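The values are calculated or read from the model by the stated rules, or taken from the named source; none is laboratory data. If you're wondering where the values come from, they're calculated on a predicted model, not measured in any experiment. Please note: Cβ atoms are built from the backbone with ideal geometry, for glycine as well, and neighbour counts cover all protein chains shown. The area values use the complete protein model at the heavy-atom level, side chains included, leaving out ligands, DNA and RNA. Shrake-Rupley method; radii C 1.70, N 1.55, O 1.52, S 1.80 Å.
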Amino acid sequence: MIETRSLDVTAIREDFPILDRVINGKPLVYLDSAATSQKPRAVIDTMTDYYSRYNANPHRGVYQISEEATAAYESARQRVATFINAPSPKEIIFTRNVTEAINLVRYSWGRANVHQGDRILLTEMEHHSNLVPWQLLAAEVGAELDFLLIDDRGRLVLDDLAQKVAGARLVALTHQSNTLGTINPVKEIARAAHQAGALVLVDGAQAVPHMPVDVRDLDVDFYGFSGHKMCGPTGIGVLWARRSLLDAMPPFLGGGDMIKKVTLDHATWNDLPWKFEAGTPAVAEGIGLGAAVDYLCGIGMDRVRAHERTLLDYALEKLQDVPQITVYGPQDPDIHGGAVSFSLPDIHPHDLATLIDQEGIAVRAGHHCTQPLMERLGVPATTRASFYLYNRQDEVDQLVEAIVRAQKVFA
Ligand code: C6P
């Protein structure tokens, strides 16, 4: 039996009120944190406190509660910067989610810097959020897309990395695959990309919630993630980018707060980061994200990663016991984060997920917004279980038992 002594999961679970829910007569087993994580009371209370005591439009009022809202929102930005070791909070742009962060780069940097005949290098395992924006940009400016392929264990094939990055304008890749769980060697790829003169954008949606991320150490150029997958609220995400890039980039959306001076026919831009934040921001959500960062820091991201690694290792071992199962992604837990996809012959993933739900266990079934990857795996969909800091080893056992019971229903 593998133990996860380093994290006090019993105490952590008390922080998450939703884990008291009973579903279909059974305690909720939540194994869909890759879709969205649950929220600790600290985050819920922080947002309630904002709405109850100092709800106001930030950056605009000279009165006390507006100043309080501004201070709390900007303090959240500072904590987010520290969390990913960004050199400055001015490089932290709040967006709605990682999808918007990537689209911001597409519209602002992409339109100004990617031209006809240029190449953008992606991977076969990208979420649609880090594929479709580049398809749209390529179609608009006449650029080309190229892809790093994966091997049969869901690892990027890097034998031809030097050839593929040569002449590329941008390399855009996920840090951790939401479907396969693969943790990609971002640092190595960034080094090769920079040597070839390409910039590097990383989709960190599945990495920042689950492992320590240091954008300076990774030495990438753009890094995006979503608050709702890291114990924070929906409606808030982050784009980090190098200061020099942000300074040179034109604004994304136009409107209030992103300007310095406006005349009838002209406008000048606000300082960073507000140049990229038009309109009233998601104040409660930003403050909530700050509370989520505090919560995760209090636990320690290295411990979160170690806990998930242990659960994943255990899950990979236990899933082997299920007859005829196909488990996707690397078998090495060092390069496999806390999400595991699998399929069974003759049971559609949706049917499997529905039967598992009858036991109170929430897993996701579908293409996970990675349709080209499904094509590569040769399946229309998979069932996916994803773990977080509040999951216990016995929940993995319950999942495996539920899968075996579902198999009997279809036998
Ligand atoms: N993946 C999943 O169940 P947004 O919607 O912008 O917060 O996140 C998009 C996104 C981008 N990249 C990766 C690697 C992701 O995993 C996600 C979200 C969820 O896998 C919902 S499809």
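Using a 1.4 Å probe on the protein heavy atoms, what percent of the accessible area of the stretch 134-247 belongs to carbon and sulfur? Answer for the stretch 134-247: carbon and sulfur cover 48 percent of the accessible area. Beta bridges assigned by DSSP with both partners in the stretch 132-255 are antiparallel in approximately 45 percent of cases.
Round to the nearest 0.05 the FRET efficiency obtained for Thr10 and Ala248 when R0 = 30 Å and r is the Cβ-Cβ distance.
Working from the Cβ atoms, E equals 0.05.
Here's the picture: charge each Lys and Arg Cβ at +1 and each Asp and Glu Cβ at -1 in the stretch 125-265, and of Gly154, Leu136, Ile236 the one pushed furthest to the positive end of that dipole is Ile236.
Between His348 and Arg53, the modelled labels are 5.1 nm apart [label points 7 Å from Cα along Cα→Cβ]. Compactness ratio for the stretch 171-249: Cα radius of gyration over 2.2 N^0.38 Å (N = residue count) comes to 1.10. Structural size metrics of the stretch 199-304, computed from C-alpha coordinates, are Rg and Dmax of 15.8, 54 Å.
What separates the Cα centres of the stretch 228-259 and the stretch 162-213 is a distance of 20 Å.
Expressed as a whole percent, how much of the Cα-Cα distance distribution for the stretch 1-94 exceeds 19 Å?
Every Cα pair in the stretch 1-94 considered, those over 19 Å come to 63 percent.
Which of the chymotrypsin sites (Phe, Trp or Tyr not before Pro) found in the stretch 10-65 are in a DSSP loop and have at most 11 neighbouring Cβ atoms, other than their own, within 10 Å? Here the chymotrypsin sites (Phe, Trp or Tyr not before Pro) that fit, given the DSSP loop and packing criteria, are Tyr63. In terms of overall dimensions, the stretch 213-274 has a Cα radius of gyration and Dmax of 14.8, 45 angstrom.
Stretching the chain fully between Asp257 and Gln371 yields a gain of 37.2 nm (0.36 nm per residue, less the alpha carbon separation). Among Met47, Ile325, Ala192, flag the residue with its Cα farthest along the positive direction of the charge dipole of the chain, charges on Cβ as +1 for Lys/Arg and -1 for Asp/Glu. Of Met47, Ile325, Ala192, it is Met47.
For Val200, the residues whose modelled amide H falls within less than 5 Å of its own, excluding neighbours fewer than 5 places apart on the same chain, are Val171, Asp221, Phe222. Remark: the Val327-Arg191 segment gains 45.8 nm on full extension, using 0.36 nm per residue and subtracting the alpha carbon distance. Using a simple spin-label model with pseudo-atoms 7 Å out from Cα toward Cβ, Asp334 and Val62 lie 6.1 nm apart.
For the stretch 283-411, which whole percent of the accessible surface, found with a 1.4 angstrom probe, sits on carbon and sulfur atoms? Here carbon and sulfur together make up 48 percent of the probe-accessible area. Taking the square roots of 5 times each eigenvalue of the Cα gyration tensor of the chain, largest first, gives ellipsoid semi-axes of 36, 28, 17 Å. Relative to the current alpha-carbon distance between Asp397 and Leu149, full extension at 0.36 nm per residue lengthens the span by 85.9 nm. Derived scalar couplings between HN and Hα for the stretch 346-357 equal 6, 10, 5, x, 5, 5, 4, 5, 5, 5, 5, 4 Hz in order, rounded to whole Hz, by the Karplus curve 6.51 cos²θ - 1.76 cosθ + 1.60 (θ = phi - 60°), x for Gly and Pro. Per-residue 3J(HN,Hα) values for the stretch 239-249, derived from phi via the Karplus relation 6.51 cos²θ - 1.76 cosθ + 1.60 with θ = phi - 60°, read 10, 9, 8, 4, 3, 4, 6, 4, 4, 7, 6 Hz in sequence order (x marks Gly and Pro). Residue by residue, the stretch 186-195 carries 3J(HN,Hα) couplings of 4, 4, 5, 5, 5, 4, 5, 5, 5, 4 Hz when phi is fed to the Karplus relation 6.51 cos²θ - 1.76 cosθ + 1.60 (θ = phi - 60°); x denotes Gly or Pro. Simple point charges give the picture: +1 on the Cβ of Lys and Arg, -1 on the Cβ of Asp and Glu, and for the stretch 320-411 a dipole about the Cα centre of about 220 debye. For Thr95, nonlocal amide neighbours, meaning residues 5 or more places apart or on other chains whose placed amide H falls under 5 Å from its own, are Gly237, Val238, Leu239.
Based on alpha carbons, the Rg and Dmax found for the stretch 148-190 are 10.6, 29 Å. Computed about the Cα centre, the dipole magnitude for the chain is approximately 720 debye when only Lys and Arg (+1) and Asp and Glu (-1) carry charge, each at its Cβ. Under the criterion of Cα pairs below 8 Å and six or more residues apart, the relative contact order for the chain equals 23 percent. A protection proxy built from the mean count of other Cβ atoms within 10 Å ranks the segments 260-269, 288-297, 170-179, 344-353, most packed first, as 170-179, 288-297, 344-353, 260-269.
Accessible area per residue for the chain, computed on protein heavy atoms with a 1.4 Å probe, is 41 Å².
Protection proxy ranking, highest mean first, for peptides 110-118, 238-246: 238-246, 110-118, where packing is the per-residue count of other beta-carbon atoms within 10 Å, averaged.
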